[in-house]
């Protein structure tokens with residue numbers, strides 16, 4: 001059965017790293033006859049500056065109705081200081097496609113990449129689930145007396161029972177189906193009394209449905225400390241939108257930096273979006289120095305979501321082999337450029 005993938009390379013280094021990921025995807029698709037069809041969309045800062053349009057009318061409905069996944073690069077360009085096109089495209093998809101699961105694996109692939117003393121690949125293998133459609137990112141709030149000495153800014157943090165329950169349940173279901181033994185929920189309910197109370201009550205209620213899985217709660221500041229001190233204590237972590245945004249970048253540092261980190265924005269069973277998390281990094285655009293591993297691992301994650309787990313695993317093995325041989329970019333111990341790193345991974349891709 002054909003799977004249709006929308007490819008949106010985006011801004012900055014996005015086109016370079018997505019090109020490396022596409023070479024891997026096309027190789028796997030050809031050799032394994034997966035039936036993947038790719039459609040490329042040129043939505044980016046250049047197009048926005050030329051036309052004033054982030055996405056054409058009807059584009060979101062087209063993605064929702066006609067595609068199985070979106071493979072996305074990065075958005076951000078200094079020529080668009082308010083990030084209007086990025087907000088319209090990326091946040092637009094997250095909210096309008098109801099991509100409520102932000103899935104961020106934190107997996108160390110080579111001990112040399114870890115900044116922590118005496119920690120290795122067995123110690124850093126956790127999955128962080130960030131609620132992706134609520135919290136402080138919904139844009140509720142406003143200004144009073146803006147631009148005056150008496151200015152007031154209010155930013156609302158929104159949590160609903162439905163939103164909290166479904167992300168916590170997803171975390172427990174993931175732990176159960178993948179054989180992981182524990183779920184940690186992180187919040188700050190000692191100061192965020194209302195939203196935190198909802199999160200903690202819901203967590204405890206759902207945990208009772210999964211007696212075989214250990215569950216525990218930490219304040220988010222304690223979570224960050226323990227991720228550095230004892231990362232091996234974590235298997236699955238679930239948290240809200242803002243805290244998840246922060247702790248997943250810490251997780252990326254534990255696995256070798258932002259260039260190593262993959263992510264999925266998921267609405268289970270529906271069209272979902274997959275993106276490396278390093279951002280557009282405009283100063284590195286066109287210099288062939290950016291690490292494509294995050295984009296390639298994101299492609300592997302997307303294949304797994306689409307039902308091609310073996311192919312996704314084969315890609316990860318090829319990435320590990322290239323890193324072990326130091327055939328990679330400088331940030332992870334190699335001396336190659338973006339394109340050559342992608343080619344080194346391709347050479348190790350055994351189908």
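The values are calculated or read from the model by the stated rules, or taken from the named source; none is laboratory data. Values in this document were obtained by computation on a predicted structure and should not be read as measured data. Cβ coordinates were reconstructed from backbone atoms using ideal geometry, including for glycine residues, and neighbour counts include every protein chain displayed.
Being surrounded by 16 or more Cβ atoms within 10 Å (Cβ to Cβ), within 30 Å of residue 269 (Cα to Cα) and either at pLDDT 95 or above or out of contact with any helix residue (DSSP H, G or I) (no Cβ under 9 Å at 6 or more places or on another chain) (or both) is the requirement here; does residue 174 meet it? Yes, satisfied. Scan the range 253-272 for residues that are in a helix (DSSP H, G or I) and buried (at least 21 other Cβ atoms within 10 Å of the Cβ) and jot them down. Passing the criteria: 254, 259, 260.
Looking at residue 339, is it more than 14 Å from residue 110 (Cβ to Cβ) and either part of a loop (DSSP other than H, G, I, E, B) or not assigned by TED's automatic domain parsing to the domain that holds residue 60 (or both)? It is false that residue 339 is more than 14 Å from residue 110 (Cβ to Cβ) and either part of a loop (DSSP other than H, G, I, E, B) or not assigned by TED's automatic domain parsing to the domain that holds residue 60 (or both). If you go through the range 310-324 one residue at a time, do you hit one that is over 23 Å from the mean Cα position of the chain (by Cα), in the same structural domain as residue 30 (by TED's automatic domain parsing) and outside any helix (DSSP H, G or I)? No, the range 310-324 contains no residue that is over 23 Å from the mean Cα position of the chain (by Cα), in the same structural domain as residue 30 (by TED's automatic domain parsing) and outside any helix (DSSP H, G or I).
I'd like the full set of residues that are under 17 Å from the mean Cα position of the chain (by Cα), surrounded by 19 or more Cβ atoms within 10 Å (Cβ to Cβ) and not in a loop (DSSP other than H, G, I, E, B), limited to the range 108-134. Result: 126, 127, 128, 129, 130, 131. Against the conditions (1) under 30 Å from residue 42 (Cα atoms); (2) at pLDDT below 95; (3) touching a strand residue (DSSP E or B) at 6+ places or on another chain (Cβ under 8 Å), residue 157 satisfies every one except (1). Applying a threshold of 7 Å to beta carbon distances and a minimum spacing of six or more residues, or different chains, the list of pairs starting in the range 59-79 at a residue that is part of a helix (DSSP H, G or I) and ending at one that is surrounded by 15 or more Cβ atoms within 10 Å (Cβ to Cβ) reads 60/92; 63/6; 63/70; 63/271; 64/97; 64/271; 66/4.
Residues in the range 182-193 that are farther than 20 Å from residue 105 by Cβ and assigned to a strand (DSSP E or B): 187 only. Restricting the range 273-289 to residues that are assigned to a loop (DSSP other than H, G, I, E, B) and either in contact with a strand residue (DSSP E or B) (Cβ under 8 Å, 6 or more places away or on another chain) or in the same structural domain as residue 249 (by TED's automatic domain parsing) (or both), the residue that is surrounded by the fewest Cβ atoms within 10 Å (Cβ to Cβ) is 279. Residues considered: 52, 21, 12. Of these, the only one that is in contact with a helix residue (DSSP H, G or I) (Cβ under 6 Å, 6 or more places away or on another chain) and on the phi > 0 side of the Ramachandran plot is 12.
Yes/no per residue for (1) farther than 18 Å from residue 128 by Cβ; (2) in a strand (DSSP E or B):
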| position | (1), (2) |
| --- | --- |
| 146 | yes, no |
| 166 | no, no |
| 180 | no, no |
| 195 | yes, no |
| 201 | yes, no |
| 215 | no, yes |
| 222 | no, no |
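If the condition is being at positive phi and in contact (Cβ under 8 Å) with a residue 40 or more places away in the chain, then the range 220-277 contributes 256, 257. Among the residues making up the range 227-250, those that are surrounded by fewer than 16 Cβ atoms within 10 Å (Cβ to Cβ) and more than 25 Å from residue 159 (Cα to Cα) are 228, 229, 230, 232, 233. Note on the range 332-342: residues that are in contact (Cβ under 8 Å) with a residue 60 or more places away in the chain and crowded, with 17+ Cβ neighbours inside 10 Å total 4. Across the range 28-58, the number of residues qualifying as surrounded by fewer than 16 Cβ atoms within 10 Å (Cβ to Cβ) and part of a helix (DSSP H, G or I) comes to 7. With respect to residue 121, determine if the residue is without any contact (Cβ under 8 Å) to a residue 40 or more places away in the chain and within 19 Å of residue 236 (Cβ to Cβ). Yes, satisfied.
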